[in-house]
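Have a look at the structure below before the remarks.
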Amino acid sequence: QRHLPPQMWTNSINRANKMALRAWAKETGINLVQVNGQRRYGGPPPGWVGGPPPAGTEVFIGKLPQDVYENALIPLFQSVGKLYEFRLMMTFSGLNRGFAYAKYGNQRDAKEAITAFHNFEVREGCAIVVCRSTEKCELSVDGLAASVSRLELEAVLRQVTKGILSVTLHVSPCQKQAQLAVLKYSSHQAAAMAKKTLMEGNVRLSGVQMRVNWLNPNLKQKLQSCKEKPPFSLVPGGKCPEVPKPVPLCPVLCNAVERLHAVCRRQRLGTPLFLTKFVQANPNGWQRFWCRVVIPGCPVPFSGFTWVRQDGPGRSGHEEAKVMVALQVLRALGESL
């Protein structure tokens, strides 16, 4: 039995339509760019003036025959209005995944596309679905270890995804001793690409693989009724939150601020600037602080919340908070502690 090499195997699938697509792209001068499982036209297209279109201008296209390409789809959807962007989801073999997104310059053209092409037969017996894209921008990540901090998670996400705006941590509603994170991205496209990367890239935190989904509206409403989760565990029986039990830091960890300064000097990142703000006090003596560390050589500041406790005289709560946030920044910079 003769086996084709992988590249020849993928090229042999739907060869006639692929050749037609190449000929059409060459004839029209249209540039198609494929990145991470999707092929994109525009965003913006040539000659576009101004910023990107507002929300409500993108339509979802489903039930596409897998062997149909942009040479058939772009002219069709362009016929009702100027496209800002067209994205066709692709498989490894070069077939499409059965759905695409078309973004127009205004909401009127998007509505016209839905009216004109919903249940439209792109070929005999193949009616497509066209509806308004939900343009979801938020993901939920469940099952995170209780030891994972917001700073650590945010640092990882900035390395492997683009467009992350915010990260919040909550007690997982489904798993004991676990956390759920809500990730907000700058656009639906950025969120969709992040979801694909996190699901397929085997990204792990503390040895646990992330479980990623679009943020369910009911879950979002439930989480909004609760404050962002501080790093505490639940009392047995489960209703009253308590902050962690005091664990003395070893001298090496107590010098985390000095060590962060040394790392920044070694990596020529500049001098880190610490900002701390007292938020609340716990009856057991714990204090919650909001912290931010700005490092000139890092494009995005590190920020988050931490609990600290003063056991006797010595450093102030602000100084203790600086130590805790310095530890998280050192981890984010890849330093072993």
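If I compute solvent accessible area with a 1.4 Å probe over the protein chains, what percent of it on segment 1-132 is carbon and sulfur? Present the calculation step by step, with values, prior to reporting the outcome.
On the way: 3980 of 7410 Å².
Accessible surface attributable to carbon and sulfur in segment 1-132 totals 54 percent.
If amide H atoms are built 1.01 Å from N in the plane of the peptide, which residues on other chains or at least 5 residues away come under 5 Å of the amide H of Arg211?
Excluding prolines and chain starts, which carry no amide H, the hits are Asp142.
What figure in square angstrom, to the nearest 10, would you give for the accessible area of Glu335 with a 1.4 Å probe?
Probe radius 1.4 Å; accessible area of Glu335 about 40 Å².
Write down the accessible area per residue of segment 6-132 in Å², having rolled a 1.4 Å probe over the full set of protein chains.
Working: 6740 Å² over 127 residues.
On a per-residue basis, segment 6-132 sits at 53 Å².
For His188, His261, write out the residues from largest to smallest accessible area, computed with a 1.4 angstrom probe and no ligands counted. Let's see the in-between values first.
Numbers: His188 15, His261 55 Å².
Ranked from most to least accessible, the order is His261, His188.
For Lys277, which aspartates and glutamates qualify as cross-link partners when the Cα separation must be under 19 Å and same-chain residues fewer than eight apart are set aside?
List returned: Glu228, Glu319, Glu320.
I'd like the accessible area for Trp290, computed on protein heavy atoms only with a 1.4 Å probe and all protein chains in place. Round to 10 Å², please.
70 Å²
Considering every Cα-Cα pair within segment 11-93, what fraction, in whole percent, is farther apart than 16 Å?
Numbers: 1924 of 3403 pairs.
Result for the distance tail: 57 percent.
Which whole number in µm²/s is D for segment 138-226 by Stokes-Einstein, with the Kirkwood Rh taken over Cα pairs at 10 °C and 1.306 mPa s?
On the way: Rh = 12.9 Å.
For the chosen part, D equals 123 µm²/s.
List, in the order given, every pair from Lys63/Lys196; Lys63/Lys195; Lys111/Lys222; Lys103/Lys196 whose Cα-Cα distance in the structure shown is over 29 Å. Please report the intermediate quantities before stating the final value.
On the way: Lys63/Lys196 20 Å; Lys63/Lys195 21 Å; Lys111/Lys222 32 Å; Lys103/Lys196 20 Å.
Over 29 Å apart, Cα to Cα: Lys111/Lys222.
The values are calculated or read from the model by the stated rules, or taken from the named source; none is laboratory data. As the structure is a computational prediction, the values presented were derived from the model and not from experiment. Just the protein is used for accessible areas: all its heavy atoms, side chains included, with ligands, DNA and RNA removed. Shrake-Rupley method; radii C 1.70, N 1.55, O 1.52, S 1.80 Å.
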